[in-house]
Amino acid sequence: MARTDRGTTVATHADPGGISGTPGTPRVLRAMNDRAALDLLVSHGPLTRTRISELTGLSKPTASQLLGRLAEMGLVRTRSKERGKPGPNALLYEIEPSAAHVAALSADPHGISAVVADITGAVVGRARVEADSVADDVRHRTAQLVKEAVDTALSAAGLGPRDPHTTVIGTPGALDPRTGELRYAPHLPGWHSRTLRAELAEVLGTPVTIENDVNLAAMAEQHEGAAQDHDDFALVWVDDGTGAAIVVDGILLRGATGGAGEIGYMPLPGAPLARGGPGEYATEHAGGGFQSLVSVPAVRALAGGAPLADALADAEVRAETARRLASGIAAVVAVVDPQLVVLSGAVPQTGGEELRALVEAELTGLALPRPLLRLSDVEGDPILSGALLSALAQARDDVFDTA
């Protein structure tokens with residue numbers, strides 16, 4: 001095997017066939033080389049045959065055969081190198097964008113946001129559908145809202161309703177792996193059904209993954225944000241709700257019931273306990289926990305109901321918010337000991353560097369490890385970005401498998 005400069009593994013061979021003595025059939029080894037080349041084109045963009053040969057370690061004849069095969073499958077296309085640039089005017093190979101499309105969605109109590117992207121990751125359509133007050137058959141209404149959001153984004157992209165290959169939906173709460181039921185999301189009443197995922201797959205005509213929104217935000221930070229240089233980090237999300245995502249050795253920690261990171265319900269001094277009997281959901285009004293101290297409504301309450309930006313512009317409110325945030329983060333650090341804590345959501349983004357520095361000062365001197373503390377730097381909606389990354393990874397694993 002050989003490694004490319006991006007860490008892609010390719011099958012190599014001493015002869016022009018590109019197949020070594022590595023155990024496996026020629027068909028499997030060809031598929032491995034195909035995937036390596038496709039991954040290079042995704043990460044690097046358009047490349048010449050010569051450059052692909054260099055990066056994979058395959059001979060030029062083998063690279064030519066590989067690229068011809070991928071073109072016949074509709075996975076790559078060619079275009080001429082732009083004139084005026086240095087080097088010979090060779091053909092460039094790139095991923096065929098129309099090979100597949102994916103849909104990514106973010107659900108909240110007010111509605112659903114959706115994007116549609118081609119297999120390269122380029123967003124080609126967007127939509128936002130607001131929820132209404134219809135109370136009859138909320139589960140059916142939820143499925144229809146999701147379909148409306150996806151169909152509207154597809155229409156904006158000039159695509160048909162059956163075009164998405166994969167759909168990933170980010171929601172507050174998490175699916176219990178034992179039951180398939182969404183937990184910790186009392187404010188999304190239409191989502192608490194063990195059969196909802198199957199119903200969504202049926203109305204959309206694609207495989208559907210439902211994922212915790214903060215976990216998706218952490219995925220975005222890990223791939224294109226503040227955590228790109230760390231395999232051990234915690235993302236603390238502070239918005240209308242509060243949660244966290246824990247990544248250890250590059251792997252997301254989910255917990256036995258999918259509830260790892262639900263720090264919004266974490267008991268802290270000064271906050272009422274979040275209560276709920278077995279099988280029940282703690283509601284925002286029935287309990288408290290960390291989110292009752294630091295969420296957007298909590299911070300606004302500190303300022304007498306002022307808008308969030310005005311509230312955090314007040315030095316006393318900002319200092320008290322920092323103290324409360326530091327208390328919750330200290331509890332996470334004491335258990336997980338991450339290298340980095342990323343602050344995301346409306347409260348940290350609105351408070352900005354001033355709030356971050358105050359939180360850091362509150363953590364300084366504690367008898368705990370002190371991780372780096374950074375603000376999120378993902379552009380746009382990190383939940384949608386993470387959902388899109390997840391959908392693309394799933395689709396590429398399928399579409400790029402030429403075995």
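At-a-glance table
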item: Residues being surrounded by fewer than 17 Cβ atoms within 10 Å (Cβ to Cβ) and either of a type outside the set (G, A, S) or at pLDDT 95 or above (or both) - total across the range 285-319; result: 14
item: Cβ-Cβ under 6 Å pairs, at least 6 apart or on other chains, the range 49-78 side in contact (Cβ under 8 Å) with a residue 24 or more places away in the chain, far side buried (at least 22 other Cβ atoms within 10 Å of the Cβ) and assigned to a loop (DSSP other than H, G, I, E, B); result: L58/G18; T62/G18
item: Count of the range 244-265 residues which are modelled with pLDDT under 95, small (G, A, S) and buried (at least 24 other Cβ atoms within 10 Å of the Cβ); result: 2
item: Subset of the range 148-169 [among the hydroxyl-bearing types (S, T, Y) and crowded, with 23+ Cβ neighbours inside 10 Å]; result: T166, T167
item: Yes/no for V359 being buried (at least 20 other Cβ atoms within 10 Å of the Cβ), within 20 Å of A245 (Cβ to Cβ) and without any contact (Cβ under 8 Å) to a residue 60 or more places away in the chain; result: yes
item: Within the range 208-238, considering residues that are among the charged types (D, E, K, R) and assigned to a loop (DSSP other than H, G, I, E, B), the one surrounded by the most Cβ atoms within 10 Å (Cβ to Cβ); result: D232
item: R396 being basic (K, R) and farther than 26 Å from V116 by Cβ; result: no
item: Hits in the range 88-118 - residues which are within 17 Å of M73 (Cα to Cα) and surrounded by fewer than 16 Cβ atoms within 10 Å (Cβ to Cβ); result: P97, S98
item: Looking only at the range 175-192, and only at residues there that are more than 21 Å from the chain's Cα centre (by Cα) and surrounded by 17 or more Cβ atoms within 10 Å (Cβ to Cβ), the one that is nearest to D151 (Cα to Cα); result: G190
item: In the range 55-69, the residues that are touching a strand residue (DSSP E or B) at 6+ places or on another chain (Cβ under 9 Å) and closer than 16 Å to A90 by Cα; result: L67
item: Subset of the range 119-133 (residues that are aliphatic (A, V, I, L, M) and either loosely packed, with under 13 Cβ neighbours inside 10 Å or at pLDDT below 95 (or both)); result: A122, V129, A131
item: Given (1) over 24 Å from H101 (Cβ atoms); (2) touching a Lys or Arg at 6+ places or on another chain (Cβ under 9 Å); (3) crowded, with 17+ Cβ neighbours inside 10 Å, number of the condition P172 does not satisfy; result: (2)
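The values are calculated or read from the model by the stated rules, or taken from the named source; none is laboratory data. Since this is a predicted model, take the numbers as computed values, not measurements. Counting neighbours? That spans all protein chains shown, and the Cβs are built from the backbone with ideal geometry, glycine included.
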